[in-house]
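The values are calculated or read from the model by the stated rules, or taken from the named source; none is laboratory data. What you are looking at is a predicted structure, and each value in this text was computed from that prediction instead of being measured. Here the Cβ positions follow ideal geometry from the backbone for every residue, glycine too, while neighbour counts run over all protein chains shown.
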Amino acid sequence: MKRTLALIAVTLSLGGCVSRDMDLPLESAEQLDRVRASNLADYRLGPDDQVALTIYGEPDLTKTYRVGPDGAVDVPLVGPVQAAGLTIDAFARSVQARLAAGYLQNPSVAGTIAEYRPFFILGEVNTPGEYPFRPGMTLDGAVALAGGYTYRAHPDFVIIQGENEPVAHRVTISSALAIRPGDTIRVAERFF
């Protein structure tokens, strides 16, 4: 009797996980890309991104900076400059304006993204964890970095949630599925 009750309790708890995943509408890679506008040309900076600033004529200021947990970059001479939520070009203009406000005459600043913030992959992969993002990253590349799917991986869909997205997306597995910096990918378990 106790064994039967324990089996029923485990089944119900596992069923809860499956039903939460199944409650999400199933989307295609193309639908998700439209919703998320995954083009990196208008990529917004966030914590853990690394930005390379070139301040012409100022080799001591020209270097790579990390966006801190507060969303700011500590730039010598001017102090913290807010970066989170800005494109790299808008951030470079902001640094340029701060430098022009009493520190340098006619500064010229250019910026590039040296390293994007990582993405996370959890669930039924061989080595779940945090991995570096590279432009053009797809689900196939992310799973390969994580050592491939386990034999228990659900063959039809994954759950993806962007860093600042309030809801997750249940997406059909596709080699064209684009991954973005800061994404959390959860590979669900199949039960049959």
Could you count how many residues in the stretch 122-147 are in contact with a Ser or Thr (Cβ under 9 Å, 6 or more places away or on another chain), part of a loop (DSSP other than H, G, I, E, B) and within 13 Å of Arg186 (Cα to Cα)? 3
Among helices (runs of 4 or more DSSP H) lying entirely in the stretch 1-115, which contain 2 or more residues that are modelled with pLDDT of 70 or more and assigned by TED's automatic domain parsing to the domain that holds His154? 29-36
Complete set of residues in the stretch 158-192 that are out of contact with any helix residue (DSSP H, G or I) (no Cβ under 9 Å at 6 or more places or on another chain) and of a type outside the set (Gly, Ala, Ser): Gln161, Glu163, Asn164, Pro166, Val167, Thr184, Arg190, Phe192
Got at least one residue in the stretch 46-63 being closer than 30 Å to Ala29 by Cα and touching a Ser or Thr at 6+ places or on another chain (Cβ under 6 Å)? yes
If the requirement is being modelled with pLDDT of 95 or more, exposed (fewer than 15 other Cβ atoms within 10 Å of the Cβ) and not charged (D, E, K, R), which of these qualifies: Gly123, Gly147? Gly147
Residue list for the stretch 47-91, restricted to those being in contact (Cβ under 8 Å) with a residue 60 or more places away in the chain and surrounded by fewer than 19 Cβ atoms within 10 Å (Cβ to Cβ): Pro47, Asp48, Gln50, Ala52
Out of all the residues in the stretch 150-177, which are closer than 24 Å to Ala84 by Cβ, of a type outside the set (Val, Ile, Thr) and surrounded by fewer than 19 Cβ atoms within 10 Å (Cβ to Cβ)? Gln161, Glu163, Asn164, Glu165, Pro166, Ala168
